[in-house]
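Okay, structure first, notes after.
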Amino acid sequence: MMLLFTLGGMPAALASYSHYDGGLLTDSHLDATLKNVWMLNTTDAMADQGIGDQTAWAQALHLDWQSGWLWDHVGVDASWYGVAKLYANDAFYGRDLLRDKNGKAQGFNKLGQLYAKARWGDSERHLNLWAGWRQLYKFGALNVTRSRAAPSTWEGVSAEFAWDDFGAKAAVVNRFSERDEPEKRRFRTLKTNKQIDYIATSELSWAPTKGSKISYIAAESDSYLLRHGLEANAVVPLGKDFNLLARSTYYYARGLSDWEGARGFSRSAQHLFALVGYQYGRSESGLGWSHTRASLDNGLGQFYWHFGKNTRGAFNSKADGEGNDYVNDGEQMLYLYSQYQILPELLVGIYGNYGFGMQYKGVDLKEWEYGGYFLWHSPQIKGLNVFAGFGPSYGWKLTLARMPALDEKNHNFRRAKGVGGSVRVEYRFNLF
């Protein structure tokens, strides 16, 4: 009550500064988000290491303050995140909701975002600049996670330029704060834990029509990993209520002078994903396919899409499944989804992934999953939404080296299975 009383009196107090702040304070606003997240994963993939069901439940509060604009060009934004533990079992850390303090689940709080901002131009032609701690969501080859109790953030400088249908983005970052901890960490190599000084990324894009866009992306973590990408999507109207959907991504990653080949691939990796689908009225369906090449000496390789420890890369392929990652060396994946807008406020859907074509020590491997989900937006309470998704997944058990576990005669792999699920209730509202 004291917090709300204090915040409620702030607009009147700030009004007295209007003669000199240029709108920096008086045109500011503060949003609050209450977020309750429960996650479950019952996979037995790591049962040999004593890791069983992973369950965590957390309640979060986000406070997001956005300033007005001084001289119509300069401002400052900040976000605070607080997370409280409601429940966690012994293997909670696999869900990335709560802080892992020596094996004990804890809540945490942090100043997640604090950055200066500047702008010039209008919505069609503009230049925007940011400097400080900020969420970089699908920004070039960088990303943050927003599905957990708190989002991750990056420290650095970033820019966005737009000129009609053409756009460009760039960022240079040097630290990262993960979604399940308050610490702000330097980037590190995967094996020797050597510091990586920076990650740089850029993106060039062209969006000729609404819903259609093609982008070229490049990024490098200093002397460690290089990545290129092409992403394209199109919406083609074929009738009054009928649209054709097409989407594809191609990624290439290569280790640089400090790359250790310790995880993912030895020297380079490639991943291709393509999807075709349709929208008809309130329904949407699609079929996707992917193929990965990621050779790893003495192991089963994967397409590694991050940039080292304490980093998070963007990966816009459905091979990043809900339960499994279908990015193993030689793997092909089929993906199918269908969803229907039952009501303006209620979306329901189903999906399935099937991966095949990879081998480990001469043994053919297969993995798959399927499930359902819904998303509901309250028509009565603006800003309130509920998401839930559940489904089983099937893969293989893992050894201590995180390689597929084979039977005693190395004739077959040991099947792993489990059920994954998540429920997320979010309510966002304006305080002033």
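The values are calculated or read from the model by the stated rules, or taken from the named source; none is laboratory data. Remember, it's a predicted structure, so these values are computed and weren't measured experimentally. Backbone-built Cβ (ideal geometry, glycine too); neighbour counts: all protein chains shown. Please note that ligands, DNA and RNA were not included when accessible areas were found on the heavy atoms of the full protein model with its side chains. Shrake-Rupley method; radii C 1.70, N 1.55, O 1.52, S 1.80 Å.
Taking amide H positions as modeled 1.01 Å from N, with prolines and chain starts lacking one, the residues under 5 Å from LEU296 and 5 or more places away or on another chain are SER266, GLY301.
Computed over protein heavy atoms with a 1.4 Å probe, the carbon and sulfur contribution to the accessible area of the chain reaches 56%.
In terms of distances greater than 22 angstrom between alpha carbons, the cross-link table entries LYS309/LYS397; LYS85/LYS194; LYS169/LYS318; LYS101/LYS309 yield LYS309/LYS397; LYS85/LYS194; LYS169/LYS318.
Residue by residue, region 235-248 carries 3J(HN,Hα) couplings of 10, 10, x, 10, x, 4, 10, 10, 10, 8, 10, 9, 8, 8 Hz when phi is fed to the Karplus relation 6.51 cos²θ - 1.76 cosθ + 1.60 (θ = phi - 60°); x denotes Gly or Pro. Near ALA405, the amide H atoms lying under 5 Å from its own belong to LYS397, LEU398, THR399, ARG414; only residues 5 or more places off or on other chains count, and H is placed 1.01 Å from N.
Which number do you get for Rg(Cα) / (2.2 N^0.38 Å) in region 20-157? Rounded to two decimals, the normalised Rg is 1.33. Leaving out same-chain residues fewer than 8 places away, which lysines sit with a Cα under 17 Å from that of LYS240? Straight-distance partners of LYS240: LYS210.
Phi angles of region 254-264 translate, via the Karplus equation with coefficients 6.51, -1.76, 1.60 and θ = phi - 60°, into HN-Hα couplings of 9, x, 9, 4, 9, 5, 9, x, 8, 8, x Hz per residue; Gly and Pro are given as x. In this structure the amide hydrogen of ALA91, modeled in the peptide plane, comes within under 5 Å of the amide hydrogens of THR55, none closer than 5 places in sequence on its chain. Summing charges over neighbours of PHE108, with a neighbour being any other residue whose Cβ is under 13 Å away from its Cβ, gives +2 when K and R count +1 and D and E count -1.
Averaged over its residues, region 155-307 has an accessible area of 50 Å² per residue, based on protein heavy atoms and a 1.4 Å probe. Summing charges over all other residues whose Cβ lies under 12 Å from the Cβ of SER202, with Lys and Arg as +1 and Asp and Glu as -1, gives -1.
Across region 301-314, coupling constants 3J(HN,Hα) worked out from phi with the 6.51/-1.76/1.60 Karplus curve, θ = phi - 60°, read x, 9, 7, 8, 9, 8, 10, x, 5, 6, 9, 8, x, 7 Hz, and Gly and Pro carry x. Pairs of Cα atoms nearer than 8 Å and 6+ residues apart set the relative contact order; for region 344-432 it is 26 percent.
How far is the Cα center of region 20-50 from the Cα center of region 396-422, in Å? Between the Cα centre of region 20-50 and that of region 396-422, the gap is 32 Å. Local charge for GLU231 was computed over the other residues whose Cβ lies under 15 Å away, with Lys and Arg +1 and Asp and Glu -1, and equals +4.
With bins 10 Å wide beginning at 0, the percent of Cα pairs of the chain falling in each bin runs 4, 17, 28, 30, 14, 5, 1, 0, 0.
The mean sequence distance of close C-alpha pairs (under 8 Å, at least 6 residues apart), as a share of the length of the chain, puts its relative contact order at 13 percent.
Summed over qualifying helices (DSSP H, 4 residues or more, each -39500 (n - 2.57)) and divided by its residue number, the chain shows a 222 nm mean residue ellipticity of -500 deg cm²/dmol.
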